[in-house]
Amino acid sequence: MAIIHHPFTSYLNLTHFKHHKHTTIITKARHNTIKPVITCSSFSHTNVLLNDAAKHTVDTYLQSGMVVGLGSGMASSLAIQYLGQKLQVGLLKDVVGIPTSVGSASEAEKAGIPLQQYQDSLQIDFAFNDADIMEEESLTAVIGRQIREGEVSLFEEKRILDVTKNLVLMLAEKYYKSPVEGSIPVLVKSVSWMDTAEEIDDLFIGDAEVWRRPSIGHADPTGGNFPLVTREGHNFLDVIFTSPIPNLAEVARLLDGIEGVAAHGIITNTPCTAVIGTESGLRIIENTVKAT
């Protein structure tokens, strides 16, 4: 796969967006009588912060009778476990979970959460998910950087998050930054997927490299001997930016304009709330105005 070269950064710097309205609250993790999902001794410090974010998300935003999108990732797994505990003791009732992946479905079944598979006509009241990284101010986020075969379905995850009426993204403070760096996961349709990859290549030439993700082993531009193909039949690419990304929403817009792209890992939902685990407590940022 060719390495890409294009004056993408200068183009993005000329694109103007509205400021996103948001409020910031610093709050300590809540104390309650339900046993903790994790303990400090058994998980990393980052996961302890995510545990606080997960519990706050369930305590604050979930209500009885909701249809809830159950996200993927460590914080989402902790939130699913905690939601199950609240259902078991009767603090929440009649919640139906819509899993975004095989992993979240398995966690929900173990936690005793009633499940329903997503269908296009289904209304999702609320959803939570992990963010791999999030752009400051805009709350535009990236998901899907860690997916390997048999784990999360980025296509299903993105489809559910895109239609939810209210979305919470959970992350640790070190992943809330601007500008964002690193890779953007992209799913491309199997028919003529190499042509689509070349089109992405040309679009971001000079600013990123396009690699096909492997299911096992080490990555290389073609995915090695075991390239990752999703259960929907899509080829999994990583657009690896070699310099900071000045505007994630513009990257999403450009990728959406490529016919062979089935989905990508950029989340631009509005309204959206970020629940960020910090050393001093939880930082809550709400976004109600979409970039234009």
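The values are calculated or read from the model by the stated rules, or taken from the named source; none is laboratory data. All values derive from a computational prediction rather than experimental measurement. Because the Cβ atoms are built from the backbone with ideal geometry, glycine has one as well, and the counts that use them run over all protein chains shown. Surface areas here come from the heavy atoms of the whole protein model, side chains and all, with no ligands, DNA or RNA. Shrake-Rupley method; radii C 1.70, N 1.55, O 1.52, S 1.80 Å.
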Here is a check on your reading of the model: is residue 286 among the acidic types (Asp, Glu), at pLDDT 95 or above and either assigned to a helix (DSSP H, G or I) or under 18 Å from the mean Cα position of the chain (by Cα) (or both)? no
Condition check for residue 140: at pLDDT 95 or above, among the polar types (S, T, N, Q) and under 30 Å from residue 252 (Cα atoms): yes
Using the structure shown, decide if residue 177 is in contact (Cβ under 8 Å) with a residue 24 or more places away in the chain and closer than 30 Å to residue 281 by Cβ. yes
If we scan the stretch 119-133, do we find a residue that is free of Cβ contacts under 8 Å to residues at least 40 places away in the same chain, of a type in the set (Gly, Ala, Ser) and open to solvent by less than 10 Å² (accessible area, probe 1.4 Å)? no
Being closer than 21 Å to residue 249 by Cβ and surrounded by fewer than 19 Cβ atoms within 10 Å (Cβ to Cβ) is the filter; apply it to the stretch 269-278 and report the residue that is modelled with the lowest pLDDT. 270
Those residues of the stretch 216-268 which are farther than 22 Å from residue 153 by Cβ, open to solvent by less than 30 Å² (accessible area, probe 1.4 Å) and among the small types (Gly, Ala, Ser), in sequence order: 249
Name every residue in the stretch 172-201 that is touching a strand residue (DSSP E or B) at 6+ places or on another chain (Cβ under 6 Å) and of a type in the set (A, V, I, L, M), in order of residue number. 172, 180, 184, 186, 187, 188, 197, 200
Would you say residue 250 is among the acidic types (Asp, Glu), over 30 Å from residue 59 (Cβ atoms) and under 19 Å from the mean Cα position of the chain (by Cα)? yes
Of the residues that make up the stretch 79-102, is at least one open to solvent by 40 Å² or more (accessible area, probe 1.4 Å) and either modelled with pLDDT under 95 or touching a His at 6+ places or on another chain (Cβ under 8 Å) (or both)? yes
Residues in the stretch 279-288 that are open to solvent by 10 Å² or more (accessible area, probe 1.4 Å), of a type in the set (S, T, N, Q) and under 16 Å from residue 131 (Cα atoms): how many? 0
Going by the conditions given, is residue 4 open to solvent by 70 Å² or more (accessible area, probe 1.4 Å), modelled with pLDDT under 55, in contact with a strand residue (DSSP E or B) (Cβ under 8 Å, 6 or more places away or on another chain) and not in a loop (DSSP other than H, G, I, E, B)? no
Could you identify the single residue in 165, 189, 174 that is closer than 22 Å to residue 254 by Cβ, out of contact with any Pro (no Cβ under 7 Å at 6 or more places or on another chain) and of a type in the set (Lys, Arg)? 189
